[in-house]
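As structure tokens, the structure follows; a few thoughts come after it.
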Ligand code: IVH
């Protein structure tokens, strides 16, 4: 056997043993033998650098320290999942989906692992790249750290697609977490809070050798790509298992929602006996074609949802109910509690949601209440211990006036919250709007902090957001002793922000339901603020992924004179209210055209076709209207869509015809 053959043999042998031990949980060799084979391979690789391979088992010990992670765009966005909390929610989900397809729906249930999500790309059977979720569009390249996780294969077995992505969750088993903390305590260090944070902290380490020391593990649960083996999510995962991935065995297929409910109930108790933490169940439509048909909202797939288990609960005294005013004027009642430990943190305040919730649970000051940590960061009050209630306690009377400006609160039908309508003069609303406007993901004016904003407002130097752009260094000098540099920084920061692109400016305006992703969609679709301002409700909802709630909020926002004035003012200060045409467009062949993509395609995935439409200057819209230029129609397009297109005289274009159009 020559050297290269021996190296190949050792690599294959070691990765087989690795797979047995870390994926199958079976030991196929003694530690001693494993280490001596690894040592032999290491020596050969050192002597023969010409045979180096970045995916050799020797790479698992971790390479050199790096200075930071590269930010890389995801080929398919990494979305989150909508949450459900009850059987009724699950039945709603099922009913909703049945309206989206005529075919019978099979469900797959999986555990919801509580760790950090990861997206792995494999090319020609070798790990190519590992990205964190990041903001969903771009993530950090943590390939070097991921290579140290022994259950993640560096090379695949069997017959796999040339290129694909597989997503999963990196986590720390409970026993490993406890062991790490035992060592930390013995060494006089603070213990880690919980396995989830420890796993996510580990991925952020810049020293892969340090990551290699942490016994992280990874379950894979979602296969994506152009050539995935079958049309069933469940089957695809079984294939992935044969390629060497650690695919959970606690996964089941059901013919209807009753099976799902059974699965959820079954795990409610059983979850406490698992060797790792889960925070719920994930329910997915099994059929990949139906998944594609159902598509995504701006934040999550329509074809999957998570069922959240109730979090850990503790009881404590509710000392006082206070009320917070948010930037939109929404009032949130807050429970001020006798401090208590909950899931590793000290809790002093909890959300009471709204007036109905307080009334429903009959929550009163002085009560002993149950506090729970759900998926959200802020804990919530979920119940009252009535037997401990003080004899003289009085029911809570919800406030009628704003706790800050005393304006009478309003509550519109169908809205759970009370609002203070005094948008222009209620201090916390104004401060909140400024804080949002200057925040990192909006205008990113980091020379201005919350305290300075409050000071500027109190000193009457600004009242509307647009006033920021009138500030001069001289205006600021009296506010701080020796503050010239401070003042210069602020004014420079504000000036710089004029360059912020339209999509972020739109997000910065703080329109209800217009988050980062929606702002991006709107900016791309409408291109200018005028187009957006003049868009009707119907035009707005026809945009791909824009629903009724968002459209209504936009129409409301733009109908208010005060908001129109604000935009006019900002415009006069030369802020950017026009989307810059994306560089790298392939052509303008579809300029001004609105396209609906529907059905199943052969040459490209739906996602790729949508990208092609945008790259050639066109726009993707979600529903057919008389403004639709054409429908890009694949197989199995829904009959109702077909009828609508015919009735409105909108042309159906096949995949081949479309490709010709843009070629
Ligand atoms: S599927 C488009 N399956 O939950 C579907 N996610 O809230 C994408 N998670 O970001 C996710 N266990 O980090 C899926 N069995 C599972 C999961 C799971 C945990 C996490 C994942 C995701 C988050 C969504």
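The values are calculated or read from the model by the stated rules, or taken from the named source; none is laboratory data. All figures in this text were calculated on a predicted structure; none of them were measured in a lab. Counting neighbours? That spans all protein chains shown, and the Cβs are built from the backbone with ideal geometry, glycine included.
Among the numbered conditions (1) more than 31 Å from the chain's Cα centre (by Cα); (2) in a loop (DSSP other than H, G, I, E, B); (3) in contact (Cβ under 8 Å) with a residue 60 or more places away in the chain; (4) farther than 21 Å from residue 541 by Cβ, the only one that residue 588 does not meet is (3). Every condition in (1) within 16 Å of the ligand (Cβ to nearest atom); (2) touching a strand residue (DSSP E or B) at 6+ places or on another chain (Cβ under 9 Å) holds for residue 135 except the one numbered (2).
Against the criterion of being buried (at least 16 other Cβ atoms within 10 Å of the Cβ), within 24 Å of the chain's Cα centre (by Cα), in a strand (DSSP E or B) and within 16 Å of the ligand (Cβ to nearest atom), residue 97 does not qualify.
Summed over the stretch 269-282, the residues that are outside any loop (DSSP other than H, G, I, E, B) and touching a helix residue (DSSP H, G or I) at 6+ places or on another chain (Cβ under 6 Å) give a count of 2.
Just one of the listed residues (82, 63, 68) is over 23 Å from residue 157 (Cα atoms), touching a residue at least 12 places away in the same chain (Cβ under 8 Å) and loosely packed, with under 13 Cβ neighbours inside 10 Å, namely 68. Of the strands (runs of 3 or more DSSP E) lying entirely inside the stretch 283-375, the ones with 2 or more residues being more than 23 Å from the chain's Cα centre (by Cα) and buried (at least 16 other Cβ atoms within 10 Å of the Cβ) are found at 313-325, 331-342, 345-351, 368-372. Taking residues in the stretch 110-121 that are free of Cβ contacts under 8 Å to residues at least 12 places away in the same chain, and partners anywhere that are more than 6 Å from the ligand (Cβ to nearest atom), not one pair has Cβ atoms closer than 7 Å while being at least 6 places apart or on different chains.
Scanning the stretch 568-585 for residues that are closer than 20 Å to residue 520 by Cα, touching a helix residue (DSSP H, G or I) at 6+ places or on another chain (Cβ under 6 Å) and part of a helix (DSSP H, G or I) gives a single hit, 570.
Going through (1) free of Cβ contacts under 8 Å to residues at least 40 places away in the same chain; (2) over 24 Å from residue 103 (Cβ atoms); (3) in contact with a strand residue (DSSP E or B) (Cβ under 7 Å, 6 or more places away or on another chain) one by one, residue 649 falls short only on (3). Could you list all residues from the stretch 313-361 that are touching a helix residue (DSSP H, G or I) at 6+ places or on another chain (Cβ under 8 Å) and at positive phi? Selection gives 329 alone. Note on the stretch 7-58: residues that are closer than 26 Å to residue 176 by Cβ and outside any helix (DSSP H, G or I) amount to 9.
Residue by residue, here is whether (1) in contact with a helix residue (DSSP H, G or I) (Cβ under 8 Å, 6 or more places away or on another chain); (2) part of a helix (DSSP H, G or I) holds:
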{"site": "452", "(1), (2)": "yes, yes"}
{"site": "463", "(1), (2)": "yes, no"}
{"site": "477", "(1), (2)": "yes, yes"}
{"site": "504", "(1), (2)": "yes, yes"}
{"site": "522", "(1), (2)": "yes, yes"}
{"site": "525", "(1), (2)": "no, yes"}
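Residue selection: residue 56 fails the criterion of being at negative phi, within 16 Å of the ligand (Cβ to nearest atom) and touching a helix residue (DSSP H, G or I) at 6+ places or on another chain (Cβ under 9 Å).
Note on the stretch 597-609: residues that are within 15 Å of residue 661 (Cβ to Cβ) and in contact with a strand residue (DSSP E or B) (Cβ under 7 Å, 6 or more places away or on another chain) total 2.
Quick grid of which residues meet (1) over 28 Å from residue 494 (Cα atoms); (2) surrounded by 13 or more Cβ atoms within 10 Å (Cβ to Cβ):
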{"position": "510", "(1), (2)": "no, yes"}
{"position": "532", "(1), (2)": "no, yes"}
{"position": "549", "(1), (2)": "yes, no"}
{"position": "557", "(1), (2)": "no, yes"}
{"position": "566", "(1), (2)": "no, yes"}
{"position": "576", "(1), (2)": "no, yes"}
{"position": "579", "(1), (2)": "no, yes"}
{"position": "584", "(1), (2)": "yes, no"}
{"position": "610", "(1), (2)": "yes, yes"}
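Within the stretch 69-89, the set of residues being within 16 Å of the ligand (Cβ to nearest atom) and either part of a strand (DSSP E or B) or more than 30 Å from residue 147 (Cα to Cα) (or both) comprises 82, 83, 84, 85, 89. Contact map, the stretch 558-581: first residue over 19 Å from residue 513 (Cα atoms), second residue assigned to a strand (DSSP E or B), Cβ cut-off under 8 Å, separation 6 or more or different chains; pairs are 577/528; 578/528; 579/528.
The residues on offer are 139, 134, and the sole one that is modelled with pLDDT under 95, part of a strand (DSSP E or B), within 24 Å of the chain's Cα centre (by Cα) and crowded, with 16+ Cβ neighbours inside 10 Å is 139.
Restricting to the stretch 633-663, what's the tally of residues that are farther than 21 Å from residue 225 by Cβ and not in a loop (DSSP other than H, G, I, E, B)? Number satisfying all stated conditions: 20.
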